[in-house]
Protein chains: 2
Amino acid sequence: MAYVYHSPILTVDAVIFELVDGELNVLLIRRTNEPFQGAWALPGGYNAAGDTTRQALARVLTTKVGVEPGDLPLVEQLYTFDTIGRDPRGDAVSVAYMGLCQQLELQADDSVQTPTFYPLGKLPELAYDHADIIKYALERLRSKVTYTNSIFALMPGRFTMTQLQQAYEAVLGRPLDKRNFRKKMLALDVLQPTEDYYQDGAHRPALLYTFKKQDFQSLTGSLD
Amino acid sequence: MAYVYHSPILTVDAVIFELVDGELNVLLIRRTNEPFQGAWALPGGYNAAGDTTRQALARVLTTKVGVEPGDLPLVEQLYTFDTIGRDPRGDAVSVAYMGLCQQLELQADDSVQTPTFYPLGKLPELAYDHADIIKYALERLRSKVTYTNSIFALMPGRFTMTQLQQAYEAVLGRPLDKRNFRKKMLALDVLQPTEDYYQDGAHRPALLYTFKKQDFQSLTGSLD
């Protein structure tokens, strides 16, 4: 008998991180269909034949969140997860992408699926194996900000050294020594001081910086 | 009209690296079927519904190369490549895995597809986009050996400091300073000296080392 090939269902899922009030948040949607109807989940959907995984990702973000991949300063493939036996829709393989952004404007109308940023420390119960995927993404993000300039994608265009340190602390989940952080960041030679200062109430005005490169680069050292 | 989902073909491909005579080699097979019949290619095949990508990988290695994934000290998922428009079999998505090994015993009979290690510098023309996949894998490998102990998977159980340096040089594709290399490797605290020496002709006997851990770990520093 000839071998007949049946491919698994292929899906894409998006893990979109943003800093909200100094906490790392992840973007969730509320599922409108079974399985897990009404549950919170990562934005995801089918990858149809003829679509690249990036095209499927773009469709998911447009239809379920109301954003374009171009709205995210950094998007990269994370990992491909086997969900055999875990996905009630059948045998599925899911290509997960990670995106980083800053103040993403979320659509609030009924054409999308209630896109909402949730702090990682206060996630609701999640559909499928999405809690595992988020855990994996966080690990990757922590490694990325240590060895690359990726944190630029979570930062506003201009920021103080303290704000940058707070962003690193939110991602890494631990406090950093202020003097040491400043010294290492300046040594990495990725920041450009502006001529402007940030004045916050009684504090001394703080110099504003930008990233020299607004696209991904490896660091010649590390923040370790 | 209801939306009917057609999934793309899902395949797995394996990039298996080994050091042969001080050169980094990659494992290729000679294709026995169309497309690209007779051409050299990475071992790969269909990922059927019900199989995880790891199970599909195991099947490919067993049937086309004659080895078990367990024969490889290190196997990890590399990246998922879209081959839309590039794969004559149709719209395909391929999950690539990278494996590292040392003196893999290759089957030589007709039940497999001529598995052969080729030096990276002397690759034949390759089927599909496999040259791109190998290039991507080499980049990942170079990064991995810099930030982790992964090179253990390419080394014999016991080796001299010079042999280890030669392995790093073969992977990184550039010479390393001998004194500096030795100092950094010892500082990383991943090597265990044995009580034995390697004697090669007229040279001074060289101390043999082993890796403290024969499984993957991140380094607390880097070889950069």
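The values are calculated or read from the model by the stated rules, or taken from the named source; none is laboratory data. Since the structure is predicted, the reported quantities are computational estimates derived from the model, not experimental observations. Neighbour counts are summed over all protein chains in view; Cβ atoms, including those assigned to glycine, are modelled from backbone coordinates with ideal geometry.
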The range A:86-122, residues that are outside any loop (DSSP other than H, G, I, E, B) and over 30 Å from A:His6 (Cα atoms): A:Gly99, A:Leu100, A:Cys101, A:Thr116, A:Phe117, A:Tyr118, A:Pro119, A:Leu120, A:Gly121, A:Lys122
Considering residues of the range B:185-212 that are over 27 Å from the mean Cα position of the chain (by Cα) and charged (D, E, K, R) only, the residue nearest to B:Ala167 (Cα to Cα): B:Asp200
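Between A:Tyr128, A:Tyr147, A:Tyr97, which is crowded, with 16+ Cβ neighbours inside 10 Å, in contact (Cβ under 8 Å) with a residue 24 or more places away in the chain and more than 30 Å from A:Leu188 (Cα to Cα)?
Working: A:Tyr147 fails: more than 30 Å from A:Leu188 (Cα to Cα); A:Tyr97 fails: more than 30 Å from A:Leu188 (Cα to Cα).
A:Tyr128 is the lone residue from the list that is crowded, with 16+ Cβ neighbours inside 10 Å, in contact (Cβ under 8 Å) with a residue 24 or more places away in the chain and more than 30 Å from A:Leu188 (Cα to Cα).
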Filtered residues of the range B:131-144 (kept if surrounded by fewer than 21 Cβ atoms within 10 Å (Cβ to Cβ) and more than 14 Å from chain A (Cβ to nearest Cβ)): B:Ala131, B:Asp132, B:Lys135, B:Leu138
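Table: residues versus (1) loosely packed, with under 15 Cβ neighbours inside 10 Å; (2) touching a residue at least 60 places away in the same chain (Cβ under 8 Å); (3) within 14 Å of chain B (Cβ to nearest Cβ).
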position: A:Ala170; (1), (2), (3): no, yes, no
position: A:Arg174; (1), (2), (3): yes, no, no
position: A:Gln192; (1), (2), (3): yes, no, no
position: A:Asp196; (1), (2), (3): yes, no, no
position: A:Gly201; (1), (2), (3): yes, no, no
position: A:Ser218; (1), (2), (3): yes, yes, yes
Where A:Leu141 falls short, out of the listed (1) in a helix (DSSP H, G or I); (2) outside the structural domain of A:Thr80 (by TED's automatic domain parsing); (3) at pLDDT 95 or above: (2)
Members of the range A:123-138 that are assigned to a loop (DSSP other than H, G, I, E, B) and of a type in the set (Gly, Ala, Ser): A:Ala127
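Tell me, which residue of the range B:49-67 that is of a type in the set (A, V, I, L, M, F, W, C) and assigned to a helix (DSSP H, G or I) is farthest from the other protein chains (Cβ to nearest Cβ)?
At the first step, the residues of the range B:49-67 found to be of a type in the set (A, V, I, L, M, F, W, C) are B:49, B:56-58, B:60-61, B:65, B:67.
Subset that is assigned to a helix (DSSP H, G or I): B:56-58, B:60-61, B:65.
Working: B:Ala56: 9, B:Leu57: 11, B:Ala58: 13, B:Val60: 14, B:Leu61: 17, B:Val65: 19 Å.
Among those that are of a type in the set (A, V, I, L, M, F, W, C) and assigned to a helix (DSSP H, G or I), it is B:Val65.
So which residues in the range B:167-195 are in a helix (DSSP H, G or I) and of a type in the set (Asp, Glu)?
Taking the range B:167-195 and keeping what is in a helix (DSSP H, G or I), we get B:167-172, B:178-188.
The one that is in a helix (DSSP H, G or I) and of a type in the set (Asp, Glu): B:Glu169.
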Qualifying residue in the range A:33-42 (condition: touching a residue at least 24 places away in the same chain (Cβ under 8 Å), under 21 Å from A:Arg140 (Cβ atoms), away from chain B (no Cβ under 14 Å) and outside any strand (DSSP E or B)): yes
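Please determine, by comparing only the residues of the range A:128-170 that are among the small types (Gly, Ala, Ser) and touching a helix residue (DSSP H, G or I) at 6+ places or on another chain (Cβ under 9 Å), which one is nearest to A:Lys212 (Cα to Cα). If you could, list the steps in order and put the result at the bottom.
Looking only at the range A:128-170, we keep the residues that are among the small types (Gly, Ala, Ser), and these are A:131, A:137, A:143, A:150, A:153, A:157, A:167, A:170.
Applying the additional criterion that residues be touching a helix residue (DSSP H, G or I) at 6+ places or on another chain (Cβ under 9 Å) yields A:143, A:150, A:167, A:170.
On the way: A:Ser143: 21, A:Ser150: 12, A:Ala167: 17, A:Ala170: 22 Å.
Here the answer is A:Ser150.
Considering only residues that are within 12 Å of chain B (Cβ to nearest Cβ) and either part of a strand (DSSP E or B) or at pLDDT 95 or above (or both), look in the range A:68-85 and name the one that is surrounded by the most Cβ atoms within 10 Å (Cβ to Cβ).
Looking at the filtered set, the residue picked out is A:Phe81.
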Residues located in the range B:104-116, provided they are under 24 Å from B:Met155 (Cβ atoms) and in contact with a strand residue (DSSP E or B) (Cβ under 7 Å, 6 or more places away or on another chain): B:Leu104, B:Pro115, B:Thr116
Among the residues listed as A:Leu27, A:Leu19, A:Leu10, the single one being part of a strand (DSSP E or B) and facing chain B (nearest Cβ under 10 Å): A:Leu10
Qualifying residue in the range B:110-124 (condition: within 9 Å of another protein chain (Cβ to nearest Cβ) and in contact with a Ser or Thr (Cβ under 6 Å, 6 or more places away or on another chain)): no
Residue within the range B:1-8 that is crowded, with 20+ Cβ neighbours inside 10 Å, modelled with pLDDT of 90 or more and not hydroxyl-bearing (Ser, Thr, Tyr) present: yes
Filtered residue count, the range B:89-125, keeping only those that are modelled with pLDDT of 90 or more and more than 27 Å from A:Ala56 (Cβ to Cβ): 18
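Listed residues B:Leu164, B:Leu208; which is surrounded by 15 or more Cβ atoms within 10 Å (Cβ to Cβ) and in a strand (DSSP E or B)? Can you show your working first?
On the way: B:Leu164 fails: in a strand (DSSP E or B).
It is B:Leu208.
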Residue in the range A:9-23 that is farthest from B:Ile9 (Cα to Cα), counting only those that are in contact (Cβ under 8 Å) with a residue 60 or more places away in the chain and surrounded by fewer than 22 Cβ atoms within 10 Å (Cβ to Cβ): A:Gly22
